[in-house]
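Trainee: Below is a structure I'd like to ask you about.
The values are calculated or read from the model by the stated rules, or taken from the named source; none is laboratory data. All values reported here derive from a predicted model rather than from experimental measurement. Ideal geometry is used to build each Cβ from the backbone, glycine not excepted, and the neighbour counts take in all protein chains shown.
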Amino acid sequence: MRLGINLGYWGAGMDGDNLAVAQEADRLGYSVCWAAEAYGSDGPTVLSWVAAQTERIDIGSAIFQIPARTPAMTAMTAATLDSLSGGRFRLGLGVSGPQVSEGWYGVKFDKPLARTREYVEIVRKAMSRERLSHDGEHWTLPLPGGPGKPLKLTVHPVREYIPLYIAAIGPKNLEQTGEIADGALLIFPAAEHLEETALSSIRAGREKVGKTLDGFDVCPTLPIAVGEDVDALADLFRPYTALYVGGMGSRKQNFYNRLAQRMGYEEAAAEIQDKYLAGDKNGAAAAVPRQLIDSTSLLGTVERIADRMTAYAEAGVTTLTLSPAGFTLEERLTALRTGVEALEHAKLA
């Protein structure tokens, strides 16, 4: 099992810290450094900045938002980043959510599965440097009746094939991800529930196209915090968990809330959402079960974290991406180093 690092969103006064974290992860031998985007910092700019100041670590988008770019633009960006980084880019895609898609980008959040499938088809065709033509429900290239003609990408990526990941939560999206992608970006993954909440669906998608999970990158992101007091460490992530389970999306369209329900937290998920949407963010955070946080994070000593890493490896995780917590740079770097130490302690390196 390999380790990755997720920088989250750039900004919030942590720009220099994030670069230092990426460089330390590079030095420590982490496999990949992911950067996110929502409606603040954009992913490509951050990844180019990190790539220019690291040497070995892969850079990955977790995620490029599908409503933010045309498929051809994403293919251009992927090819450019792969070229500039010396063949170190991984393309992660996701549909985002209805609030961001419609509120920020003005793109209707409808038919997300069909839109993703078509988007991936066009991106792959463009990155392969075929002449680009497509006649689909969401995109038609070239536009009919005009001066447009099928064009071919002029940039040559370092690699002929750039790995493509999809951020997926729901069963149908996970199944499609297994079918059309090279890896899955997962959030709030509990090792004990990974089979029923993710892998069974991914495996079904792989089987549709005559493949197994061999070579498919199962890549969850987990917060990590180091210390003796696990309860206190869990409290650090209460606002984070409450935001996603309670406030990310609308009452009817909150994929993270549904995931918590599938893990057996139906009543807690409802209470968290009710309080969060009513404006009681503190109450929502207090309602998050400690076990939900503990099972979806890496908390405690090196030995305890190593035990949890073993559980994830045995469950089928191939790249474990860490999101190091801390109020200072040194705390985040300590968590980063502890991740490597725990991996070695578990004899997974």
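Trainee: Across region 170-184, what is the number of residues that are buried (at least 21 other Cβ atoms within 10 Å of the Cβ) and in a loop (DSSP other than H, G, I, E, B)?
Mentor: So the count comes out to 1.
Trainee: Suppose we filter I272, I224 for residues that are without any contact (Cβ under 8 Å) to a residue 60 or more places away in the chain and either of a type outside the set (F, W, Y) or within 20 Å of L186 (Cβ to Cβ) (or both); which single one remains?
Mentor: I272
Trainee: Further question on the same structure: Just to be sure before I move on: is G326 modelled with pLDDT of 95 or more and either assigned by TED's automatic domain parsing to the domain that holds P223 or in contact with a helix residue (DSSP H, G or I) (Cβ under 8 Å, 6 or more places away or on another chain) (or both) in the structure I sent?
Mentor: No, not satisfied.
Trainee: If you check T241 against the conditions, is it more than 20 Å from T328 (Cβ to Cβ), under 20 Å from the mean Cα position of the chain (by Cα) and without any contact (Cβ under 8 Å) to a residue 60 or more places away in the chain?
Mentor: yes
Trainee: Please list, ordered by first then second residue, the pairs with beta carbon atoms under 8 Å, 6 or more apart or interchain, first in region 298-317 and over 21 Å from T241 (Cα atoms), second of a type in the set (S, T, N, Q) and surrounded by 17 or more Cβ atoms within 10 Å (Cβ to Cβ).
Mentor: V302/T338
Trainee: Go over the candidates Q291, Q273 one by one and state the one that is among the polar types (S, T, N, Q), within 23 Å of A198 (Cα to Cα) and touching a Lys or Arg at 6+ places or on another chain (Cβ under 8 Å).
Mentor: It is Q273.
Trainee: Among what's in region 303-345 and is under 19 Å from the mean Cα position of the chain (by Cα) and assigned to a helix (DSSP H, G or I), pick the residue that is farthest from T197 (Cα to Cα).
Mentor: L336
Trainee: What about L113, is it assigned to a loop (DSSP other than H, G, I, E, B) and surrounded by 14 or more Cβ atoms within 10 Å (Cβ to Cβ)?
Mentor: no
Trainee: Within region 136-167, take every residue that is touching a residue at least 40 places away in the same chain (Cβ under 8 Å) and within 17 Å of R115 (Cα to Cα) and give me the one that is surrounded by the fewest Cβ atoms within 10 Å (Cβ to Cβ).
Mentor: Selected residue: W139.
Trainee: Scanning for something among the charged types (D, E, K, R), in contact with a Ser or Thr (Cβ under 6 Å, 6 or more places away or on another chain), on the phi < 0 side of the Ramachandran plot and not assigned by TED's automatic domain parsing to the domain that holds G183, does region 253-275 turn up at least one residue?
Mentor: Within region 253-275, one or more residues are among the charged types (D, E, K, R), in contact with a Ser or Thr (Cβ under 6 Å, 6 or more places away or on another chain), on the phi < 0 side of the Ramachandran plot and not assigned by TED's automatic domain parsing to the domain that holds G183.
Trainee: Additional query: Report the residue count in region 185-202 for those that are without any contact (Cβ under 8 Å) to a residue 40 or more places away in the chain and either outside the structural domain of I122 (by TED's automatic domain parsing) or in a helix (DSSP H, G or I) (or both).
Mentor: Qualifying residue count, region 185-202: 4.
Trainee: Of everything in region 50-79, what is over 19 Å from the mean Cα position of the chain (by Cα), part of a helix (DSSP H, G or I) and under 26 Å from L28 (Cα atoms)? Give them in sequence order.
Mentor: Across region 50-79, the qualifying residue is only A52.
Trainee: I want to confirm something. Restricting to region 6-43 and keeping residues that are aliphatic (A, V, I, L, M) and either in a loop (DSSP other than H, G, I, E, B) or not assigned by TED's automatic domain parsing to the domain that holds S323 (or both), which single residue is nearest to the chain's Cα centre (by Cα)?
Mentor: Selected residue: A36.
Trainee: Let me ask you something else. Find the residue count for region 80-110, including only residues that are outside any loop (DSSP other than H, G, I, E, B), farther than 20 Å from D217 by Cα and not β-branched (V, I, T).
Mentor: So the answer is 8.
Trainee: So, G145, is that one at positive phi and outside the structural domain of Y256 (by TED's automatic domain parsing) or not?
Mentor: It is true that G145 is at positive phi and outside the structural domain of Y256 (by TED's automatic domain parsing).
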